[in-house]
Every structure is written in C-alpha cells, then in structure tokens.
1. In a Gaussian network model over the chain where Cα atoms closer than 10 Å are linked, find which of I277, I220, I294 has the largest mean-square fluctuation.
2. Based on C-alpha coordinates, I'd like the Rg and Dmax of the range 148-223, in Å.
3. Can you tell me the length gained on complete extension of the stretch C117 to D382, counting 0.36 nm per residue apart and subtracting the Cα distance?
4. First check a/c for the range 321-395, with a ≥ b ≥ c the square roots of the eigenvalues of its C-alpha gyration tensor; if it is under 1.5, answer rounded, and if not, answer prolate when a/b is larger than b/c or oblate otherwise.
5. Using the Cα centre of the range 264-332 as the reference point, and only Cβ charges (+1 on K/R, -1 on D/E), how large is the resulting charge dipole? Debye, rounded to the nearest 20.
6. Restricting to DSSP H runs of at least four residues, report the calculated mean residue ellipticity at 222 nm for the chain, -39500 (n - 2.57) per run over all residues, nearest 500 deg cm²/dmol.
7. To check you understand DSSP bridge types, tell me what percent of the beta bridges within the chain (both residues inside) are antiparallel, rounded to 5.
8. Using 0.36 nm times the number of residues separating E137 and R259, minus their current alpha carbon distance, what extension gain do you get?
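No lab work stands behind these numbers, since they all come straight from the coordinates. Model, not experiment: these values are computed from the prediction. Note that we place each Cβ from the backbone using ideal geometry, even for glycine, and neighbour counts take in every protein chain shown.
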Amino acid sequence: MEIGIVGKPNVGKSTFFASATLASAQIASYPFTTIEPNMGVAYVRARCPHLELNVQCMPRNSLCINGTRLIPVKMIDVAGLVPDAHKGKGLGNKFLDDLRQADCLIHIVDASGSTTCDGNLCKPGEHDPLEDVEFLEKEIYYWFAGIIMKDWERRARTVEVSGEKLEVLLAEKLGGLGITEKHILAALHTAPVDITRPSKWTESDVVSLAKFLVKISKPIIIAANKADIASEENLKKLLNLKNYIVIPTMADYELALRRAAKAGIIKYTPGDSDFEILKPDTLTEQQKIALERIREGMKKFGGTGVQQCIETAVFKMLERIVVYPVEDETHFKDKEGRVLPDAYLMPKDSTARDLAYKVHTDLGKNFIRAINARTKMVVGADYNLKDGDIIKIVART
C-alpha cells in the first residue's frame with residue numbers, strides 16, 4: 001500500500017511526511033525544496049489481539065507497543081504541484097509520474113492562506129485555500145485524461161468494430177497507474193459518457209470519466225495544515241467542502257513532538273491528544289513556552305491531526321481491515337514459534353483465499369481450507385475476513 005503526499009510547494013508537505021515517518025526530508029520555506037520523491041514508512045494503529053488472548057506477542061512485520069499494534073504503510077512525498085502541471089509547468093510531469101502507484105492521496109492544503117498558488121510566501125489570509133483544492137483536482141483529472149486521449153480515436157474505433165471490451169482498452173492505457181478493470185467498470189457505469197460510441201468522446205467526456213476514475217482509484221483526503229494559525233473562516237470553508245474528508249493538521253507540531261519523544265524529553269504516542277514532559281528541569285524557558293503552545297493547539301483540535309489523517313486514509317478511504325495469519329491455531333504461532341507474528345492490512349471484502357495469496361502465492365494456489373483461530377471453526381475459501389481475525393491457512397504441500 002502506498003499513500004502519496006501531494007500539494008503545491010511550501011504548504012508543509014515535507015514537514016507532514018517527516019512527522020509521519022521521522023525520515024529525513026529537506027524542509028525549507030521556498031518552492032520546490034523537494035525535487036526527488038522522499039520515501040518513508042508510517043504506521044497505523046490497531047488493538048493487538050494478545051491482550052484479550054492473554055499471550056505475549058512476538059511481532060515480525062509490525063510493532064506492538066503497550067498493546068497497540070503498529071502496522072507499516074509506505075508513504076511518498078513528491079515535488080510540489082503548481083497550476084498547469086499537467087502541461088509540464090514547474091515539475092508537473094515528474095510530480096504526476098511519481099504518483100503512479102499511490103493507492104490514496106493526502107492533499108496538504110495551507111489552511112492559513114499564507115502561500116500563493118505558486119508556493120511563494122504571502123501574508124496569512126491573502127490566498128484562498130479553496131483555490132488549491134480546485135486546482136489540484138483539475139491537474140489530476142487532466143493528467144488521467146491526457147493518458148487516455150493518446151491515440152484514443154483510432155483505438156476506440158477498433159473497439160467499436162471488433163467488439164473488444166472498452167474496459168480492457170482503458171485498463172491497458174491506465175495499467176501503469178495501478179487502475180484495474182474493476183475501477184474502470186465502476187467509473188464507466190457512473191460517468192455521463194456514451195460507452196457505445198467511445199470514438200466520439202470529446203475532451204470534456206474524457207475529463208468527466210477521469211473525475212470518477214480518480215475518486216474510485218486514488219481517493220483524496222485533505223489535510224488542512226497550519227490549522228493553528230488559520231482563520232476560523234478558512235477552516236470553516238475547508239471543513240464544509242462536499243465530497244471530501246477534511247482534517248485540521250499541525251504538521252510542525254507533530255514533528256516537534258516526535259523528535260522530543262525520540263530524545264526522551266516527553267512521553268508521546270502519535271495520535272494522542274496530549275503529551276507528558278519527562279524531564280522538565282532540562283528544558284529552557286523558550287522550550288517550555290513552545291511545548292505549552294503545542295499543547296494549546298492540540299486541545300483545540302484534539303491532537304495534531306497527522307496520525308488521524310493517515311489512519312482515516314487507510315481504514316476509511318481505502319477500507320482496510322487488520323488480519324493475523326498463523327500456522328498454529330491453538331497457540332497463535334507461526335512455524336518458528338512466534339506468537340501473532342504478522343499483521344496484514346486487507347481490503348474489507350477480502351476472503352480467506354485472498355489472505356492465502358497475500359501470505360504466499362503457493363498457499364493461494366494450493367488452498368484447501370482455513371481455520372478461524374478464535375472460534376476453531378473451519379471456514380472455506382469464500383469466508384469473508386473480519387477486522388481482527390486470526391486465521392490459519394491449510395494448503396496442499
């Protein structure tokens with residue numbers, strides 16, 4: 001799974017990325033600080049089953065801290081986007097190519113309105129953040145449409161004459177974006193286009209189809225960043241956007257907290273609404289004031305919003321559940337004796353066979369049955385996985 005961090009330059013994208021992953025990223029107050037994409041790992045939280053099972057887990061592909069399982073997700077922070085990026089302006093083409101495999105996008109918007117459309121600094125409130133939402137939508141829609149339109153009329157005529165399925169042609173064109181025939185079929189049945197005469201589609205028709213493809217294949221969540229200095233008016237406008245989930249964030253506060261926690265100065269778990277100062281005597285007066293300012297911001301919004309954004313993207317937008325495969329359903333162990341070693345993020349409509357393929361292709365191909373380790377019941381290939389399931393896969397050797 002890959003989450004793309006997107007937005008225009010200088011809105012806090014790299015700060016958000018660094019705070020979510022603690023990976024090193026160049027952060028500065030001028031456009032195009034990021035040129036090459038930054039790659040990192042963030043985590044989403046789930047309650048570890050070892051608490052209710054009264055066993056001691058031994059995580060392998062994830063972490064467990066005080067009963068909270070931290071499951072990794074890949075994040076990519078790409079170059080900033082400016083208007084007309086799909087035409088090559090700024091680093092537009094590179095930005096869009098770097099996002100090809102992203103499953104979901106977190107759009108970082110400067111809620112304070114202190115950056116122009118090109119990413120230059122201005123006074124807070126001088127720029128309308130709603131304009132940023134509109135232009136990013138447009139750039140991604142036209143990016144998709146541009147890929148579809150290449151040699152479209154000739155290929156579409158072939159489909160009409162030969163009877164080839166339209167979704168197959170579109171999947172061939174869009175396969176590099178991680179878009180499946182399932183995504184395309186859903187978009188074709190929703191978009192206002194004539195699927196019987198695709199050769200007659202206009203640019204407007206293709207952009208219309210692209211809108212639905214983006215919403216289905218790369219859903220976008222908005223992080224209203226710099227919420228602590230944003231006006232109530234700007235926040236209200238963003239929070240009232242239709243068809244979007246909008247979460248106020250303070251990425252610079254999150255980054256400061258995670259670094260302080262790593263240094264042992266405070267006790268803080270990402271996603272918490274407060275923190276505890278462990279070494280007050282080591283802090284300068286300026287540091288104490290800064291931490292108090294962070295605490296006030298967290299009280300107002302219930303936290304910094306960064307972890308909430310990531311988990312909303314994974315669990316709500318992408319509809320993932322957490323499943324634990326084991327080889328010993330009685331003691332919840334793998335073949336090497338590790339208890340609850342792995343936690344997998346699976347689409348909510350996944351089956352036991354899907355999990356088998358996720359663990360190893362051979363397990364999927366040779367699937368016989370599965371066992372629900374909680375109930376000890378045998379379940380078939382079509383068993384619908386549930387969040388928190390612990391499953392043993394039985395396959396031919």
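1. I277
2. So, for the range 148-223, Rg and Dmax equal 12.2, 46 Å respectively.
3. Going from the current span to full extension adds 90.4 nm.
4. rounded
5. Values: 9 positive and 12 negative charges, 102 e Å.
In debye, rounded to 20, the range 264-332 gives about 480.
6. Calculated at 222 nm, the ellipticity per residue is -10500 deg cm²/dmol.
7. Antiparallel bridges: around 60 percent, rounded to the nearest 5.
8. Going from the current span to full extension adds 40.6 nm.
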